[in-house]
Each structure stands twice: as C-alpha cells, then as structure tokens.
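Chemist: First the structure, which I've put down as structure tokens, then a few questions once you've had a look.
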Amino acid sequence: NAGVTQTPKFQVLKTGQSMTLQCAQDMNHEYMSWYRQDPGMGLRLIHYSVGAGITDQGEVPNGYNVSRSTTEDFPLRLLSAAPSQTSVYFCASSFTGGGYTFGSGTRLTVV
Amino acid sequence: DQQVKQNSPSLSVQEGRISILNCDYTNSMFDYFLWYKKYPAEGPTFLISISSIKDKNEDGRFTVFLNKSAKHLSLHIVPSQPGDSAVYFCAASVSYNQGGKLIFGQGTELSVKP
C-alpha cells in the first residue's frame, strides 16, 4: 500500500512553461484534492474531486487545471507558470467521513 | 476571506507541560473538524477529529474541544514531548467531509523544549 504518491518531488520551471504534477492513490478513496502551502498562508485548496469525472474549484484555482478520469489519478496542470505559483504542492485523498491522507509534496520553483 | 483561522503563528512549551493550540472558524455550516501535524519536508498527517455533535474527543495525549457557539476549537496535548514539535493545522469541512472540501487554517508552529 503506497498511499498517496506525488511526482516529481522537485521541479524548476521558467515563466510561461507548462507542466503537470502527478498524483496517484491506491486506497480506492473517493475524494482527492490539491493544496498549496505558502509561508504564513497555511494550506490553501486549489481544486478537489468527489469522484471520477467530477471536479470543482477550491480557494485558489486560477492558473491551474485538473481532471479525474480514474479513481486513482488526479493530475494538476499548470497552464503557463508564473513566479506566484512557486510553492509546495500537496495532493491528498480521503473516503467519506475520513481524514485526508497526504502525499509528501512537490516543491515547485518558477523563475 | 479566511474561513478557518489560527491566530498564533507559534507556541513554545516546556516538556511535560500542556500545549494548547487554538482555532477559530467563521462558517457556521462547518460540522467536521480535524487537526493535522506536519514535520518539515513531509506531508501533513492526520491527528484527531471531531464532529459537531460532540464537544470533546480524546485520543491518548491529544484532546480536541469544540465550542460551537463561539465557533472555536482547541487541541490539548498533555504531557507535551519534544517529538511533538511540528506545525499543527486545524481544518474544517461541511457535511462530515461528504463534500470533499477541507479548508485549513494557517498553522501554529509548536516547539516543545526539553
């Protein structure tokens, strides 16, 4: 049981580049979410999904896209990277009534 | 608009004493609350939760108290240990997490000194 797996662990992008942060879970959880962590801001919800084919916006969705074609995978796409998207990104999954299980994070720097 | 607030960025406590971490929320629809612990370079890990039908939940050294009228919850750690030094986040959701939308506070960094 790997839990929640995020790749890559580190990434440096140039402004304007696009990329996809990968997230996979093997616990058959219904819910998956993406958060970003910034100093003094805590964990802010970017997008979340309550099941395959269903996604919704969180607190800070601008500049990010998501899709959920399978229960296991929930990739986060940065369309055109900006320095303001420099952050640590966490993916998490959960079942109904349960606490979220988090991945170990992706540290992204946009230069 | 910050729906979940942790107004103390840091807290320092002596080993063996009680640590009390506080959290306030503004959305009266929240009915499920959780505490997470985070070490540097790791993802947050679930610590303890409470639903709005209760006012207290205990798990070993950790107790969460909920005051719905004040929209306030707190996490008590007794006795505190140096290994408890970490950042603690409170989080809240609507409908016992059936919506999948969990909102976090800013975090409080706890330092437990030997």
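Chemist: Out of segment A:2-25, which residues are on the phi < 0 side of the Ramachandran plot and modelled with pLDDT under 95? Spell out how you get there, then give the answer.
Modeler: Restricting attention to segment A:2-25, the residues satisfying the condition of being on the phi < 0 side of the Ramachandran plot are A:2, A:4-15, A:17-25.
Once the filter is applied, which keeps residues that are on the phi < 0 side of the Ramachandran plot and modelled with pLDDT under 95, segment A:2-25 yields only A:A2.
Chemist: Also, quick follow-up: Among (1) free of Cβ contacts under 8 Å to residues at least 24 places away in the same chain; (2) small (G, A, S); (3) touching a Leu at 6+ places or on another chain (Cβ under 9 Å), there is one condition A:G42 misses while meeting the rest; what is its number?
Modeler: (3)
Chemist: Residues being more than 9 Å from chain A (Cβ to nearest Cβ), at negative phi and either surrounded by 14 or more Cβ atoms within 10 Å (Cβ to Cβ) or not hydroxyl-bearing (S, T, Y) (or both): count how many of those fall in segment B:2-34. It would help to see each step written out before you state the result.
Modeler: We begin by selecting, within segment B:2-34, every residue more than 9 Å from chain A (Cβ to nearest Cβ); these are B:5, B:7-8, B:10-31, B:33.
Going one step further and asking which of them are at negative phi, we end up with B:5, B:7-8, B:10-15, B:17-31, B:33.
Next, from what is left, pick out any that are either surrounded by 14 or more Cβ atoms within 10 Å (Cβ to Cβ) or not hydroxyl-bearing (S, T, Y) (or both): B:5, B:7-8, B:11, B:13-15, B:17-25, B:27, B:29-31, B:33.
Number of matching residues: 21.
Chemist: If I ask for residues that are buried (at least 21 other Cβ atoms within 10 Å of the Cβ) and away from chain B (no Cβ under 13 Å), which ones from segment A:40-84 would you list?
Modeler: Passing the criteria: A:L76, A:A81.
Chemist: Taking A:F10 as meeting all but one of (1) touching a residue at least 24 places away in the same chain (Cβ under 8 Å); (2) in contact with an Asp or Glu (Cβ under 8 Å, 6 or more places away or on another chain); (3) within 14 Å of chain B (Cβ to nearest Cβ), write down the number of the exception.
Modeler: (2)
Chemist: Please list, ordered by first then second residue, the pairs with beta carbon atoms under 7 Å, 6 or more apart or interchain, first in segment A:59-79 and free of Cβ contacts under 8 Å to residues at least 12 places away in the same chain, second assigned to a loop (DSSP other than H, G, I, E, B) and β-branched (V, I, T).
Modeler: From segment A:59-79, no pairs qualify.
Chemist: Take segment B:41-66 and flag every residue that is of a type in the set (S, T, Y) and within 12 Å of chain A (Cβ to nearest Cβ).
Modeler: Listed by number, the residues that qualify are B:T45, B:S49, B:S51.
Chemist: Sticking with this structure for a sec: List pairs: first in segment B:55-73 and closer than 19 Å to B:G83 by Cβ, second at pLDDT 95 or above and basic (K, R), Cβ under 7 Å, 6+ apart or cross-chain?
Modeler: From segment B:55-73, the pairs are B:T63/B:K56.
Chemist: Can you work out which of the residues in segment A:88-111 that are surrounded by 15 or more Cβ atoms within 10 Å (Cβ to Cβ) and more than 14 Å from chain B (Cβ to nearest Cβ) is farthest from A:C23 (Cα to Cα)?
Modeler: Once the filter is applied, the top-ranked residue is A:V110.
Chemist: When you go through (1) touching a Ser or Thr at 6+ places or on another chain (Cβ under 9 Å); (2) within 8 Å of another protein chain (Cβ to nearest Cβ); (3) at pLDDT below 95 one by one for A:H29, which number turns out not to apply?
Modeler: A:H29 satisfies all of (1) touching a Ser or Thr at 6+ places or on another chain (Cβ under 9 Å); (2) within 8 Å of another protein chain (Cβ to nearest Cβ); (3) at pLDDT below 95 except (2).
Chemist: Select from segment B:46-84 the residues that are small (G, A, S) and out of contact with any strand residue (DSSP E or B) (no Cβ under 7 Å at 6 or more places or on another chain) and list them in ascending order.
Modeler: B:G60, B:S69, B:A70, B:G83
The values are calculated or read from the model by the stated rules, or taken from the named source; none is laboratory data. Keep in mind that what you see is a predicted model, and the values were worked out from it rather than measured. Cβ atoms come from the backbone with ideal geometry, glycine included; neighbour counts cover every protein chain shown.
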